[in-house]
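These notes are about the structure you will find just below.
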Amino acid sequence: MGYTNLERMLSNAKVEKYAVGAFNIVDYSTTRAVIKVAEKKKSPVIIQTSTKTVKFYGYKHIVSWVKTLTGDMVIPVALHLDHCNDIDIIEKCIDAGWSSVMIDASSYPLEENIRMSREVVEMARPKNVTVEGELGSILGVEDDLILTEHDSHLADVESCVRYLKETGVDVLAPAIGTAHGVYIKTPNIDFGLLKEIAEKTNIPLAIHGGTGLSPDMFKKCIESGGVKVNISTNIKHLFKDALEEYFEASTDYEPIKAIQHLETRVMEGVGDLIESFGSANRA
Ligand code: 13P
């Protein structure tokens, strides 16, 4: 299948009860490591980019990394823009060749969230690009946005039903108690809410704040209707720890060896997550 959007990838996951990992890459090496380990594990995978990453490297470069690395692979690989409330950036990603985008207008009142999300869906449809939307407030740090417990509110089922009906988004990220960044205490995930939203909407649901959740929590999220799990902080830590580990242990100045070490560590970490999500051998 190779380079694709989220439609078939996530509908297969929904039917067969597993989740696809969406890994926020930070550079070419992390992108390569994620795609390599997904191919090794015969797993579908989502390469996810924050808007900060997109602005830093530029649109065409990221698309070209992912398309070139995917080549004629059999596994489905999507390129998805993570949280973005800037429609201009979303449009540029769609035009540059992203296969999927997220419009995160969840900080606006519902009417405005619906209006903006519908605008993105109308822009994305003709180009066969899938769209993820968000309802409620997912806590923590994402790009430069920090949401604390004070800002917290979970998604409510009625708003989800209305939002989906009026926008036509393909994937929904409802706030269910997970948070971006490092958990300082065990998250209080409302699995019942996730299940109710899954039953009432019948749409693929995305779980944000995947870093730090236990295999058991992933299992419960999947059983309750989650089919996409976002992992960002974990990749940043693997990146930093791998390079520190390499240069502390080595006496040489060989960047390529350091990058090889980094890729190995990312492949190990992402490989374990792919196993936890149950997506190995599904491609
Ligand atoms: P983490 O940084 O907690 O892994 O969350 C990732 C995420 O949800 C990106 O949208």
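The values are calculated or read from the model by the stated rules, or taken from the named source; none is laboratory data. These numbers were taken from a predicted model, which means no experiment stands behind them. Reconstructed Cβ throughout: ideal geometry from the backbone, glycine too, with neighbour counts over all protein chains shown. The area values use the complete protein model at the heavy-atom level, side chains included, leaving out ligands, DNA and RNA. Shrake-Rupley method; radii C 1.70, N 1.55, O 1.52, S 1.80 Å.
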Of the residues that make up region 253-266, is at least one within 16 Å of the ligand (Cβ to nearest atom) and not in a strand (DSSP E or B)?
-> yes
Name the single residue, out of those in region 199-213 being within 18 Å of the chain's Cα centre (by Cα) and outside any loop (DSSP other than H, G, I, E, B), that is farthest from the ligand (Cβ to nearest atom).
-> Leu205
Could we say that Leu194 is under 19 Å from Val45 (Cα atoms), within 15 Å of the ligand (Cβ to nearest atom) and assigned to a helix (DSSP H, G or I) here?
-> no
Selection from region 263-280 of residues that are open to solvent by 80 Å² or more (accessible area, probe 1.4 Å) and closer than 27 Å to Met102 by Cα | Asp272, Glu275
Test for Val182: is it loosely packed, with under 14 Cβ neighbours inside 10 Å and in contact with a strand residue (DSSP E or B) (Cβ under 9 Å, 6 or more places away or on another chain) | yes
Kindly indicate whether Leu69 is in contact with a Lys or Arg (Cβ under 7 Å, 6 or more places away or on another chain) and of a type outside the set (D, E, K, R).
-> yes
Sole residue being near the ligand (Cβ under 8 Å from one of its atoms) and either open to solvent by less than 20 Å² (accessible area, probe 1.4 Å) or at pLDDT below 95 (or both), chosen from Asn188, Asn230 = Asn230
How about region 121-136: which of its residues are crowded, with 24+ Cβ neighbours inside 10 Å, of a type in the set (A, V, I, L, M) and closer than 16 Å to Ile203 by Cβ?
-> Ala124, Val131, Leu135
What number of residues in region 1-23 are open to solvent by less than 10 Å² (accessible area, probe 1.4 Å) and among the hydroxyl-bearing types (Ser, Thr, Tyr)?
-> 1
Residues being modelled with pLDDT of 95 or more and either at positive phi or open to solvent by less than 40 Å² (accessible area, probe 1.4 Å) (or both) - total across region 233-262 = 7
